[in-house]
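Trainee: Here's a structure for you.
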Amino acid sequence: MSKVEPREASPDEPEANGPGPTTGPGPGTATDPAGRHSSMGDAPRDATPGDGTPLDGTPRDGTPRDGTPLGGAPGGGPPGRKGGTPAGTAAGRTARRRSPVRRREALVGLAFVAPMLVLFLVFRFGPTLGAAFLSLTDYRLSGEWDFIGAANYTRLLQDDLFWESLGVTAVYTALYVPMTVLLALGTAVLLHRTLWLRGFFRGLFFLPYVTSIVLAAVIWKWIYEVEDGLLNTALGALGTGPVDFLGDESLVLPSIAAASAWKGFGYSMLILLAGLQSIPREVAEAATIDGASAWQRFRWVTLPLLRPVLFFVLVIEAIQAFQVFDAMYVMTAGGPVRASYSLVYFLYDSGFKFFDFGYASAVGLVLFLVVLVFSLIQRRLIGREED
């Protein structure tokens, strides 16, 4: 086979692979802003001229014609260092300029909060410190007092009436807290699933919470009346004899707890409703796809995710139960036979009936410690769940 010798192209001939003369852009041809045409398939992506230099005039090694490195500093070096780009230094200067601004914003915020903070310290910690001091004295109504140390606490531990009132408060708490939490959780679940008039029912269920406790106690006292009370009238229509709800020692605490639960469940209902609305809907949908029933979704999906909110509600309601006084004072006056004589009622009698202010202050400090213990439990349990 004969070998074909290559021949040089004549200057008048077009290149073998070059584009021929055209009068306009053809298929596969791009037009640049200057009106020049280039083949999109054949032209290199950097569109370099024949001498190998890019169109911007920068040599192929990436160094501009003036010799300045791409970092932007004459001395070279990586960005952010001395001799390199001043980006890091500028960011540092910006951060230093921002720190006084942030400090000023914090001071302005503290200035707005300061009045409320002062009121909180004066009207919260002030009485607490005053009660702690009074509990160590024998303070009389005339204003005279004697320092007696821990004598009031020793007397408190030996007082049977104190232990009796503490037991009544504990039983009331054991009745009130589950009743309130279950009622709040049930209504929150119903409201969460309700799509029609949700706002109306939410306001309706919250209405008892904003009602005066004295007014609510008077209404429930009338409901529990033996002769013409609403509840006994309904029981009489069913053929059942009248029941003395507030005069029976075994029924008085459940009756008061039920009235208080009706009065106070609205707050916990809103907290639990907010917790239910914060649960991702995708979790319940995934459980439904897996074949879980409504009860299984509530038991194994909703309750575990709602546990921090439930702990918060339990502790708040327990603190509220330990401070019960108004309902017992209005409905039963501590009777019958001190069956509804709470710890706060005992504090009230000691201070404002017998004017034993030092002893009443000791009772108040014990109640404060109980509330503090429940608050610490709340913080510990909720913090553990969040971790």
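Trainee: So, W300, is that one within 26 Å of the chain's Cα centre (by Cα), aromatic (F, W, Y) and open to solvent by 80 Å² or more (accessible area, probe 1.4 Å) or not?
Mentor: Yes, satisfied.
Trainee: May I pose another question? V315 fails exactly one of the following numbered conditions: (1) modelled with pLDDT of 90 or more; (2) open to solvent by less than 50 Å² (accessible area, probe 1.4 Å). What is the number of that condition?
Mentor: Tallying (1) modelled with pLDDT of 90 or more; (2) open to solvent by less than 50 Å² (accessible area, probe 1.4 Å), V315 fails exactly one: (1).
Trainee: For the subset of the stretch 236-292 comprising residues that are of a type in the set (V, I, T) and closer than 26 Å to S212 by Cα, which member is most open to solvent (accessible area, probe 1.4 Å)? Full working, then the answer.
Mentor: Step one: of the stretch 236-292, the residues of a type in the set (V, I, T) are 240, 243, 252, 256, 271, 279, 283, 288-289.
Add one more test, that the residue is closer than 26 Å to S212 by Cα, and what stays is 252, 256, 271.
Numbers: V252: 0, I256: 0, I271: 50 Å².
Top of the filtered list is I271.
Trainee: Can you spot a residue in the stretch 327-334 that is at pLDDT below 90, open to solvent by 50 Å² or more (accessible area, probe 1.4 Å) and among the hydrophobic types (A, V, I, L, M, F, W, C)?
Mentor: Taking every residue of the stretch 327-334 in turn, none turns out to be at pLDDT below 90, open to solvent by 50 Å² or more (accessible area, probe 1.4 Å) and among the hydrophobic types (A, V, I, L, M, F, W, C).
Trainee: Let me ask something additional. Which pairs turn up if I take residues in the stretch 351-380 that are open to solvent by 70 Å² or more (accessible area, probe 1.4 Å) and look for partners that are in a helix (DSSP H, G or I) with beta carbon separation below 7 Å, at least 6 apart in sequence or on another chain?
Mentor: F368/T128; I377/V315
Trainee: Give, as residue ranges, the helices (runs of 4 or more DSSP H) completely inside the stretch 211-292 that count at least 2 residues that are over 30 Å from V337 (Cβ atoms), of a type in the set (A, V, I, L, M, F, W, C) and modelled with pLDDT under 90.
Mentor: Counting at least 2 such residues, we get 281-289.
Trainee: When both residues are 6+ apart or on different chains and their Cβ atoms are under 7 Å apart, which pairs have a first residue that lies in the stretch 315-327 and is under 18 Å from F346 (Cβ atoms), and a second that is among the basic types (K, R)?
Mentor: Pairs found: none.
Trainee: Considering every residue within the stretch 156-163, establish whether at least one is out of contact with any helix residue (DSSP H, G or I) (no Cβ under 7 Å at 6 or more places or on another chain), within 21 Å of A318 (Cβ to Cβ) and in a helix (DSSP H, G or I).
Mentor: Looking through the stretch 156-163, at least one residue is out of contact with any helix residue (DSSP H, G or I) (no Cβ under 7 Å at 6 or more places or on another chain), within 21 Å of A318 (Cβ to Cβ) and in a helix (DSSP H, G or I).
Trainee: Which pairs have Cβ atoms under 8 Å, sit 6 or more apart or on different chains, and link a residue in the stretch 190-204 that is within 17 Å of F265 (Cα to Cα) and of a type in the set (D, E) to one that is open to solvent by less than 70 Å² (accessible area, probe 1.4 Å) and assigned to a helix (DSSP H, G or I)?
Mentor: That search, which allows pairs on different chains as well, returns nothing.
Trainee: Please identify the pairs in which a residue from the stretch 111-136 that is assigned to a helix (DSSP H, G or I) has its Cβ atom under 8 Å from the Cβ atom of a residue that is open to solvent by less than 100 Å² (accessible area, probe 1.4 Å) and among the aliphatic types (A, V, I, L, M), counting only partners at least 6 apart or on another chain.
Mentor: These pairs meet every condition: A131/L365; A132/L365.
The values are calculated or read from the model by the stated rules, or taken from the named source; none is laboratory data. In this text the structure is predicted, and so the values were computed from the model without any measurement. When we count neighbours, we look across all protein chains shown, and the Cβ atoms used for this are built from the backbone with ideal geometry, even at glycine. For accessibility, only protein heavy atoms count, side chains too; no ligands or nucleic acids. Shrake-Rupley method; radii C 1.70, N 1.55, O 1.52, S 1.80 Å.
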